[in-house]
Amino acid sequence: MTRDGPRCYCGTRGCLEMTASGASIVRRAKAAAAAGRAIAIAELAGSDSESITGEVVAHAAADGDGFALVMEEAAS
């Protein structure tokens, strides 16, 4: 847990749920795609950030996308 991490559903900050869960990975991938930092993920989702799923992130990681690999590593 980190004090400056994202706010968790339980009210604290930086819980594992908010940094490494599947939902967290998708949320962070959507934000990165919107900011132009996850180009491969955005392309796999048809440039529709609402279409980004864990499966899309996993496919991008399998294709060697650096951002997706970091995100997938968070779940390990």
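Before moving on, here are some points about what is shown:
- A residue that is more than 9 Å from the chain's Cα centre (by Cα), surrounded by 17 or more Cβ atoms within 10 Å (Cβ to Cβ), in a loop (DSSP other than H, G, I, E, B) and in contact (Cβ under 8 Å) with a residue 24 or more places away in the chain can be found somewhere in the stretch 22-42.
- Within the stretch 16-31, restricting attention to residues that are hydrophobic (A, V, I, L, M, F, W, C) and at pLDDT 80 or above, the residue that is nearest to PHE67 (Cα to Cα) is ALA29.
- Residues in the stretch 33-59 that are small (Gly, Ala, Ser) and touching a helix residue (DSSP H, G or I) at 6+ places or on another chain (Cβ under 6 Å) were compared, and the one that is nearest to THR19 (Cα to Cα) is GLY54.
The values are calculated or read from the model by the stated rules, or taken from the named source; none is laboratory data. Source: prediction; values computed, not measured. In this analysis, Cβ positions are derived from the backbone assuming ideal geometry, glycine residues included, and neighbour counts consider all displayed protein chains.
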